[in-house]
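Trainee: Starting off with a structure, shown below.
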Amino acid sequence: MKNTLIAPSVLAADFANLQRDIEMINASEADWFHIDIMDGVFVPNISFGMPVLDAINKHAKKTIDVHLMIVDPDRYISTFKKLGADILTVHYEACTHLHRTLQAIKAEGMKAGVALNPHTNVDLLEDVIQDIDLVCIMSVNPGFGGQSFIENTYLKVEKLKALINRKNATTLIEIDGGVTNKNAKQLADAGADVLVAGSYVFGAQDPIATIADLKQITK
Ligand code: DX5
Ligand code: ZN
């Protein structure tokens, strides 16, 4: 039996009732808070920034998993540490010197993550996988919540899992985008360790029961 981690994406929360939604996640079986930071340059959308993360951090009682969809993320590594990030994920496509960026994240005392766009091959991480705590496989094109899941993701998870095993790495595999009760089990079986879910959780009648259900079906 495995313990697949569930990370609700706060992007889909009700921002006029943010504290209520944070307390809901605290009270649920969710494992992490997934925080999407978008700059309007790397992705064609702007989400929210530092003051909002600061407010979330004041109430969140679980691991804060920050997904940076921004160009030149090195500029903000120490800022996100101060704002409470436990895991800081940068995009492969946004980092010219990925190895250096990963070391800088770890030097701040955070876990280092790398996100891959749907077109980016997992094999590109071969020479750096042992330095990565978490690989976030994007199962939609980053920028928006509520998009539909790209089916090729299952193959990417299997390939990445094989690479991690081959290299004796301890890297976690996270899936981000379009996760529902329809694909969660197959993703966990393929090797996913963490499932991000935004609209599926926050759009549900009963988000706490929906999170519990995702935990249950991915065991
Ligand atoms: C997309 C974000 C995702 C998003 C997931 O760019 O990185 O984390 O919030 O939302 P859903 O689960 O609605 O696809
Ligand atoms: Zn995300």
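Trainee: If you check every pair at least six apart or on different chains, which have Cβ atoms under 7 Å apart with a residue in segment 114-136 that is closer than 13 Å to Val157 by Cβ and in contact (Cβ under 8 Å) with a residue 40 or more places away in the chain first and a residue that is in a helix (DSSP H, G or I) and away from ligand 1 (no atom under 16 Å from the Cβ) second?
Mentor: Pairs that qualify, where the first residue is closer than 13 Å to Val157 by Cβ and in contact (Cβ under 8 Å) with a residue 40 or more places away in the chain and the partner is in a helix (DSSP H, G or I) and away from ligand 1 (no atom under 16 Å from the Cβ), are Leu116/Val122; Val122/Lys159; Val122/Leu160; Val122/Leu163.
Trainee: Another question, if that's okay. Could we say that Lys215 is more than 24 Å from Val66 (Cα to Cα) and out of contact with any Gly (no Cβ under 6 Å at 6 or more places or on another chain) here?
Mentor: no
Trainee: I'd like the full set of residues that are touching a Ser or Thr at 6+ places or on another chain (Cβ under 8 Å) and either surrounded by fewer than 21 Cβ atoms within 10 Å (Cβ to Cβ) or not aliphatic (A, V, I, L, M) (or both), limited to segment 96-128.
Mentor: Glu108, Gly113, Pro118
Trainee: Being without any contact (Cβ under 8 Å) to a residue 60 or more places away in the chain and within 16 Å of ligand 2 (Cβ to nearest atom) is the filter; apply it to segment 173-182 and report the residue that is surrounded by the most Cβ atoms within 10 Å (Cβ to Cβ). Lay out the reasoning, then the answer.
Mentor: Let us first name the residues in segment 173-182 that are without any contact (Cβ under 8 Å) to a residue 60 or more places away in the chain, namely 173, 175, 177-182.
Now restrict to residues that are within 16 Å of ligand 2 (Cβ to nearest atom): 173, 175, 177-180.
Values: Ile173: 23, Ile175: 30, Gly177: 26, Gly178: 23, Val179: 26, Thr180: 16.
Applying the filter and picking the extreme gives Ile175.
Trainee: When you go through Asn141, Asn152, Asn165 one by one, which is the residue that is surrounded by fewer than 22 Cβ atoms within 10 Å (Cβ to Cβ), polar (S, T, N, Q), at pLDDT 95 or above and within 16 Å of ligand 2 (Cβ to nearest atom)?
Mentor: Asn141
Trainee: Among the residues of segment 29-38, are any more than 26 Å from Asp213 (Cα to Cα), surrounded by 17 or more Cβ atoms within 10 Å (Cβ to Cβ) and at pLDDT 95 or above?
Mentor: Yes: segment 29-38 contains one or more residues that are more than 26 Å from Asp213 (Cα to Cα), surrounded by 17 or more Cβ atoms within 10 Å (Cβ to Cβ) and at pLDDT 95 or above.
Trainee: In segment 168-190, how many are within 30 Å of Gly203 (Cα to Cα) and either modelled with pLDDT under 95 or small (Gly, Ala, Ser) (or both)?
Mentor: The total comes to 5.
Trainee: Right, next: Please report, ordered by residue number, the strands (runs of 3 or more DSSP E) entirely within segment 127-219 with at least 1 residues that are in contact with a Lys or Arg (Cβ under 7 Å, 6 or more places away or on another chain).
Mentor: In segment 127-219, 134-138, 172-176 are the strands (runs of 3 or more DSSP E) which contain 1 or more residues that are in contact with a Lys or Arg (Cβ under 7 Å, 6 or more places away or on another chain).
Trainee: Can you report the number of residues in segment 137-161 which are more than 14 Å from Val43 (Cβ to Cβ) and within 14 Å of ligand 1 (Cβ to nearest atom)?
Mentor: Counting residues in segment 137-161 that are more than 14 Å from Val43 (Cβ to Cβ) and within 14 Å of ligand 1 (Cβ to nearest atom) gives 7.
Trainee: Still on this structure: Give me the strands (runs of 3 or more DSSP E) completely within segment 1-96, filtered to those with at least 2 residues that are among the β-branched types (Val, Ile, Thr) and in contact (Cβ under 8 Å) with a residue 24 or more places away in the chain, ordered by residue number.
Mentor: The strands (runs of 3 or more DSSP E) meeting that bar are 32-38, 63-69, 87-91.
The values are calculated or read from the model by the stated rules, or taken from the named source; none is laboratory data. Worth saying up front: this structure is predicted, and the values here are computed from it rather than measured. Using ideal geometry, Cβ is built from the backbone for each residue, glycine included, and neighbour counts are taken over all protein chains shown.
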